[in-house]
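Read through the structure below, which is laid out as structure tokens, and then see the notes.
A short reminder: the numbers here are calculations on the coordinates, not readings from a lab. These numbers were taken from a predicted model, which means no experiment stands behind them. Heads up, the Cβs are rebuilt from the backbone with ideal geometry, glycines too, and the neighbour counts pull from every protein chain shown.
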Amino acid sequence: MDKLDVIFQMQQSLNDDIEARRGLYFTRAEWMQKEVLAMISELSEVLDEVNFKWWKNPAPINDASLKGELVDVLHFFVSMCLKSGMTAEELFTLYQAKNRENFDRQYGRSDKQGYQVGGEING
């Protein structure tokens with residue numbers, strides 16, 4: 001079992017425990033909405049860790065805190081994958097395909113509009 005499979009398995013176990021222990025029964029759509037909101041909250045905490053507030057005196061980035069917030073984001077992301085029916089293998093396969101497409105877009109090898117190499121910027 002690879003590390004991504006382990007993460008998915010651990011997250012499923014945590015989800016099941018929280019849902020049972022707290023008596024949470026939401027529709028899949030409601031769960032996805034809640035997970036997105038939770039992820040936005042965690043991403044906001046990432047922003048706080050990297051001193052986005054230009055009106056404040058900058059502070060050194062606390063790497064441990066930053067990494068902890070990123071792990072929190074991952075928890076909710078993986079939970080959303082699970083609730084969408086996505087497996088670790090499917091995520092990996094879809095990621096590989098999208099990564100390839102993203103490279104193709106940057107090198108002008110994609111039919112997707114707006115990524116032509118050397119193209120004019122309109123707007």
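Each of Asn99 and Arg22 was given a label point 7 Å from its Cα along the Cα-to-Cβ line. The distance between the two points is 3.3 nm.
When +1 charges are put on Lys and Arg Cβ atoms and -1 charges on Asp and Glu Cβ atoms, the dipole computed for region 34-88 relative to its Cα centre reaches about 120 debye. Highest GNM mean-square fluctuation among Phe103, Phe92, Phe77, for the chain modelled with Cα contacts below 10 Å: Phe103. The helix-only estimate of mean residue ellipticity at 222 nm for the chain, built from DSSP H runs of length n ≥ 4 each weighted as -39500 (n - 2.57), is -23000 deg cm²/dmol after division by the residue total. Other residues lying with their Cβ under 13 Å from the Cβ of Gln96 contribute a combined charge of -2, Lys and Arg counting +1, Asp and Glu -1. Among Ala38, Ala20, Ala88, which one shows the highest mean-square fluctuation when the chain is modelled as a Gaussian network with alpha-carbon springs under 10 Å? Comparing Ala38, Ala20, Ala88 in a Gaussian network model of the chain, the most mobile one is Ala20. Exposure proxy ranking for Trp55, Trp31, based on other Cβ atoms within 10 angstrom of each Cβ and starting from the fewest, stands as Trp55, Trp31. Ordering Met10, Met80, Met86 by the number of other Cβ atoms within 10 Å of each residue's own Cβ, fewest first, gives Met10, Met86, Met80.
The dipole here belongs to the chain: it is taken about the Cα centre, uses +1 on the Cβ of Lys and Arg and -1 on the Cβ of Asp and Glu, and is about 240 debye. Here, region 1-94 has an Rg and a Dmax of 15.7, 47 Å when only alpha carbons are counted. Dipole check for region 53-123: with +1 at the C-beta of Lys and Arg, -1 at the C-beta of Asp and Glu, and the Cα centre as origin, the magnitude is about 180 Debye.
Using a simple spin-label model with pseudo-atoms 7 Å out from Cα toward Cβ, Leu47 and Met1 lie 3.7 nm apart.
Each Lys or Arg adds one and each Asp or Glu subtracts one; over the other residues with Cβ under 13 Å from the Cβ of Ser13, this totals -3. Result for the chain in a Gaussian network model with C-alpha springs under 10 Å: among Gln11, Gln113, Gln33, the largest mean-square fluctuation is at Gln113. Take every pair of alpha-carbon atoms less than 8 Å apart whose residues are at least six positions apart; their mean separation over the length of region 17-123 yields a relative contact order of 21 percent.
Please arrange Asp111, Asp16 by how many other C-beta atoms lie within 10 Å of their C-beta, fewest to most.
Details: Asp111 7, Asp16 11.
Ordered from fewest to most neighbouring Cβ atoms within 10 Å, Asp111, Asp16 come out as Asp111, Asp16.
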